[in-house]
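These notes concern the structure reproduced below.
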Amino acid sequence: MERIYADRKYIIIGFFLLIGIVYLARLFYVQILVDKYILSANNNVLRYVTQYPARGLVFDRNGKLLVYNEAAYDLMVIPRQVKNPDTMALCHLLGIDREEFLNRMEKASSYSTYRPSIFEAQITRDNYGFLEEKLFLFPGFYVQSRTLRKYTYKVAAHSFGYIGEASPEVIEKNSYYRPGDYIGINGIEKSYEDILRGKKGMKIRVFDVLNRDKGSFRDGRYDTTSVAGTNLYSSIDAELQEYGELLMTNKKGSIVAIEPQTGEILCIITSPSYDPNLLAGNIRRKNYTKLLQDTVYMPLFNRALMAMYPPGSTFKLVDALVGQQEGVLFPETRYGCQGGFPLGNGKKVGCHPHPSPLDLVGAIQISCNAYFCRVFKSIIDKSSYSSTRQAYESWRKEVMSFGFGKKLGIDIPGELNGNIPSPSYYDKYHGLNRWRSMTIISLAIGQGEIGITPMQLANQAALISNRGWYYTPHVIRAIGRKDSLNEAYNVKHKVLVDERYFEVVIEGMADVVTGGTGRVAQLDSIVICGKTGTAQNPHGKNHSLFIAFAPRNNAKIAISVVVENAGTGALWAAPIASLMIEKYLNRTVKRKELEERMVSGNLINGKQPESERGQGNILPD
Amino acid sequence: MREDKGIFYRIDWVVVGLYLTLVFIGWLNIYAAVYNDTHNQIADLSQKYGKQMIFILAAILLAMGILIIDPKFFSQFAWFIYGFFLFMLVIVIFSGREVAGSKGWFAIGGFGIQPAEFAKMATVLALAKYLGTLDVSLAKFRSLVIASAIILVPALVVFLQHDTGSAIVFLTLVIVLYRAGLTGFVPLAFIVLPVLGILALVLPKVVLVAVLLMAAGGFYFFSNRKLRTNLLIIAAFMGALGFVFSVDYSVNHILEPHQRNRIHVLLGQDVDLRGAGYNVNQSLIAIGSGKFFGKGFLQGTQTKYNFVPEQSTDFIFCTVGEEWGFLGSAVLVILYMGLFIRLILMAERQRSRFSRLYGYGVASILFFHFAINIGMTLGLVPVIGIPLPYVSYGGSSLWAFTVLLFIFIRQDSYHYELV
Ligand SMILES: [Zn+2]
């Protein structure tokens, strides 16, 4: 019964043959009949030329251009196509020696012999002219147009960041990037990479063996055009930034200014800094190494975000607010001070001479250590808490609502958390629950393990001027359209202290400037509210701190200034903050003498500056 | 007494010759595909051609090993072998490693072994074994269900490994069923349905429905107008209609984007030259540039500059097309045709139903790989990543195809022994 199917073998063989014949016909069609698929009789090759879009521009808050692009060219090489190059001529054109030439060829070949590698990156327009004329002499080499980042103002290098070739790890993870592509590596170039970069395009061109461009492949039907990157509108005020960097000449430290009502960062100065143009183009690698190796100035270190200081007396403002919120402190609360706060073991937290007793406003104005030690102690020892630990945890939670002890989430990478010690830290240090309010009393005056970044300090000033809330500070106010808003930063953060407790603290801050520790910051026309601080520095002279905002109501600017190894807050930080506020609000500075003194002060390697001696009217804090 | 003459005396040297020729052509083209100036030692083990040389030597040892095994072993242990590889297929899902999005690999030493390749051989063995049993007839519903299950179970498991290409290969065994007496409508449907499916994606729905209506009308006009026939025509029409709409739906809603792209590219509805279309377009440019005589050994430029991706594995035919031209490509196609026809003629001369159907299974599997692989490089079939038997780079596939073929050669040599 099976035999009857034997003739099915003819159908099966027939079917196999049919497919075979179809394929032969197709081969005949593709290889002989049409030349749609034949490029030419020569060994022509298609080259996929990436069209790099221009990166987005960056403008400052007044519409001034900050970052732009300039045409540049990468010399590419495809090692396999390199035929008997006139090495010396090419070396001469590029200004390299034979050894370097061979080095680069070796590197390119080890990546791939048939894929293009960058031979010389970011040749400027001027040098490109010479090269272009001679390029036909060097088969296997061609030029790829790129763009070079340029900076109108030589400021805010750390905020801008820089771009560079995408690393192998990035390429592995993200299929958009290919070797030789640029990617933002730091600053806003990194955090807004997706927006700034635009979209690459692709042109397919036909080249013959002699490296001659024979035109686009099939009339460019498969080409894709690149899409330029989106522009960013920064909240940075270029002039203020520039002025701040001038004031910080020859000083280590930082200035951060924020517009309190929006969280927009007006300037971030970190000093010492560098010219952002140094890290653009093919000079980047060389300069980067140089900057990195400068361990004295550490110009690559962004102090505004990555340095952490004990906040010193500026933290007394937080004590005042949390104390009131906890119901252990009232504006009328008065504490006496006999040269400090006794610790019980014969030692004391010292204080400078001043009238005693003081109420809350007076204590802020005079910056009395004893007063705020008592406030802190009354919070931690409050009877409604069952343990020191519980009281501390509650205190810590309220303090962290000020944006301390955690990243604020600003749009520049590298921000530090800062540090508000956790209870377990004290457990480790003193034994489980073996610590009391007196053990950790130094927190009251912003000393000890507490660490706060200059950005967080500026945010503290901003949230006090707002009476209890802040927007996360950010440097990009709008993306694409000038009047649009950066959606990522429209969440209002509420501090865990009620609005009604702020006014008395602000009153104290105003008095600091009119008749307290920060009198030097006084400005005739505008009420500045501020607080000095001195951060103890075990490695040398104390750091000078000042935070402030102005005007008192509807503040337009909140600022923090840190000058390292400069002594008390009133010496350097307060006058610099005051000058910055004057500059921002009045656009000009009238106090030329003060300005001159600040600019010329050299705190890195200069002699003891003038102002140190003429400080009769400055109180310690 | 029969042993004296030696088994090498009785094996079919035509098929062995075709096998060796294909393997050699494969190695030559792998060499050309990955050739570069810095590595040109033929035994360089860091290069694919060096490794393929080892694979080939191992394959030949494997082939000789099979030739000395008692041929009855394979029919007796068919179920065991089938069960074993089915088990391996399931195991690999959980413990295998992933290569190119497919989970079906075991890492043994430095090599990857893909059980799916061997499972094809095991399935052919089991199918031939089952259909070779005396009381089995595909006219019985029960037999048909069991035979289909033998094919579909491993296919399903391979499909679950995200290796759609290899899973489809199993379906080609319908040819074996057809030879064993299955009604011709089924293999016909295997041809008609894909055509209908492509039409469903290319033609507007209205036109397609009209065409189907006309076809149904035509059948009715020429039919004997009995109720049964009319019902059959209506059923076929409704079935076709349902199929057309479900194809459209599944392509647009169920398939993964990359699979959908491949289909659109194939149908000329997409020109994404960096994505799915890139491979096919590059492949056609490479083959087309070979013209009649080809550019000569190692002279290919398209394939040399790696414009063609996966060129030593799935797109190896491009190298043949570019360097050996129409002449070389045609020779390769004809060699394959010769192999397939020879296998069928050999199958027909078998005395046992088991070895005959096994022979058909070998021919079908090899043919399907050939048809899909070359069809894909010629832009006639969607891009499905399955290797060209004996020619593509890779140990797993070479060994599996070698075992598949040599089991049959061994069966065939036995047919003399029975005389
Ligand atoms: Zn005091």
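Charges were assigned to the Cβ only: +1 to each Lys and Arg, -1 to each Asp and Glu. The resulting dipole of chain A about its Cα centre is roughly 1060 debye. For the range A:143-154, putting each phi into the Karplus relation 6.51 cos²θ - 1.76 cosθ + 1.60 with θ = phi - 60° gives couplings of 10, 10, 7, 9, 10, 10, 6, 10, 10, 5, 9, 8 Hz, in residue order, rounded to whole numbers and with x for Gly and Pro. For chain A, the mean residue ellipticity at 222 nm estimated from helices alone is -9000 deg cm²/dmol, where every DSSP H run of n ≥ 4 contributes -39500 (n - 2.57) and the total is divided by all residues, rounded to the nearest 500.
Shielding value for B:286-299 is 4, the average number of Cβ atoms from other chains within 10 Å of each residue's Cβ. Residues whose amide H lies under 5 Å from that of A:Y335, counting only those 5 or more places away or on a different chain, are A:L358; hydrogens are built 1.01 Å from N in the peptide plane. Note on the protein assembly as shown: Kirkwood radius taken over Cα pairs, Stokes-Einstein applied at 4 °C and 1.567 mPa s, translational D equal to 37 µm² s⁻¹. What is the P(r) of the range A:186-331, as percent of Cα-Cα pairs per 5 Å bin from 0? Reading upward from the zero bin: 2, 7, 9, 12, 13, 12, 9, 8, 7, 6, 6, 3, 1, 1, 1, 1, 1, 0. Across the options A:A548, A:F341, A:N127, the greatest Cα extent toward the positive end of the charge dipole of the protein assembly as shown (unit charges at beta carbon of Lys, Arg, Asp, Glu) belongs to A:N127. Computed over chain A, relative contact order equals 14 percent, with contacts defined as Cα pairs under 8 Å that lie 6+ residues apart.
Where does helix A:388-400 land angle-wise versus the long Cα axis of chain A, in degrees 0 to 90, nearest 10? The helix A:388-400 is inclined about 60 degrees to chain A. In the structure shown, the pairs A:K316/A:K377; A:K64/A:K482; A:K83/B:K51; A:K556/A:K592 are assessed against 21 Å; a Cα-Cα span above that value is assigned to A:K83/B:K51; A:K556/A:K592.
Protection proxy ranking of A:21-28, A:388-395, by the mean of other Cβ atoms within 10 Å over each peptide's residues and highest first, is A:388-395, A:21-28. Per residue, the Cα convex hull of the range A:76-129 amounts to 82 Å³. Relative to the dominant Cα principal axis of chain A, helix A:369-380 is inclined by about 70°. I need the calculated FRET efficiency for the pair A:T87 and B:F73, taking r as the beta carbon distance and R₀ as 51 Å, to the nearest 0.05. So, using R0 = 51 Å, E works out to roughly 0.15. Between A:L33 and B:E256, the simple spin-label model (points 7 angstrom out along Cα→Cβ) gives 3.5 nm. Return the tail of the calculated pair distribution for chain A, meaning the percent of Cα-Cα pairs more than 45 Å apart. Looking at chain A, the distances longer than 45 Å represent 36 percent of pairs. Relative to the isolated chain, which residues of the range B:354-402 have their accessible area cut by 50 Å² or more in the presence of all protein chains (1.4 Å probe, heavy atoms, no ligands or nucleic acids)? Buried by the other chains: B:F367, B:L378, B:L380. When DSSP beta bridges are restricted to pairs lying wholly in chain A, around 95% turn out antiparallel. Cross-link reach is defined here as a Cα-Cα straight distance under 25 Å, omitting same-chain residues fewer than 8 places apart; for B:K129 the lysines meeting it are A:K9, B:K72, B:K120, B:K140. Please figure out what share of the DSSP beta bridges in the range A:46-232 is antiparallel and state it in percent, rounded to the nearest 5. Antiparallel: roughly 95 percent of the beta bridges in the range A:46-232.
Relative to the dominant Cα principal axis of chain A, helix A:573-586 is inclined by about 70°.
In the range A:238-606, Cα pairs under 8 Å separated by at least six residues give a relative contact order of 23 percent.
Solvent-accessible surface, computed for protein heavy atoms with a probe of 1.4 Å, shrinks by 30 Å² or more for the following residues of the range B:316-338 when the other protein chains are added to the isolated chain: B:F326, B:V333, B:M337. Using only the Cα atoms of the range A:361-418, build the gyration tensor, take square roots of its eigenvalues as a ≥ b ≥ c, and label the shape rounded, prolate or oblate: rounded if a/c is under 1.5, else prolate if a/b is larger than b/c, else oblate. Verdict is oblate for the range A:361-418. Beta-bridge orientation, the range A:238-606: approximately 95 percent antiparallel, per DSSP, counting only bridges with both partners inside. Pairing chains A and B buries close to 4600 square angstrom of accessible surface in total, based on protein heavy atoms and a 1.4 angstrom probe. Remark on the range A:46-232: ratio of C-alpha radius of gyration to 2.2 N^0.38 Å is 1.10. Counting protein heavy atoms only, the protein assembly as shown has 59 percent of its accessible area on carbon and sulfur, 1.4 angstrom probe.
For the cross-link pairs A:K286/A:K406; A:K203/B:K48; A:K150/A:K200; A:K494/A:K583, the ones whose C-alpha atoms lie over 27 Å apart are A:K286/A:K406; A:K203/B:K48; A:K494/A:K583. Between A:T588, B:I191, B:Y390, the Cα set farthest toward the positive side of the dipole of the protein assembly as shown (charges on each charged residue's Cβ, about the Cα centre) is that of B:I191. Solvent exposure of the protein assembly as shown amounts to 43 Å² per residue of accessible area, where only protein heavy atoms count and the probe is 1.4 Å.
Candidate cross-link partners of B:K291 among the aspartates and glutamates, defined by an alpha-carbon separation under 14 Å and a same-chain spacing of 8 or more, comprise A:D35, B:E322, B:E323.
The values are calculated or read from the model by the stated rules, or taken from the named source; none is laboratory data. A quick note: this is a predicted structure, and the numbers were derived from the prediction, not measured. Reconstructed Cβ throughout: ideal geometry from the backbone, glycine too, with neighbour counts over all protein chains shown. Areas reflect the complete protein model, heavy atoms only, side chains present, ligands, DNA and RNA absent. Shrake-Rupley method; radii C 1.70, N 1.55, O 1.52, S 1.80 Å.
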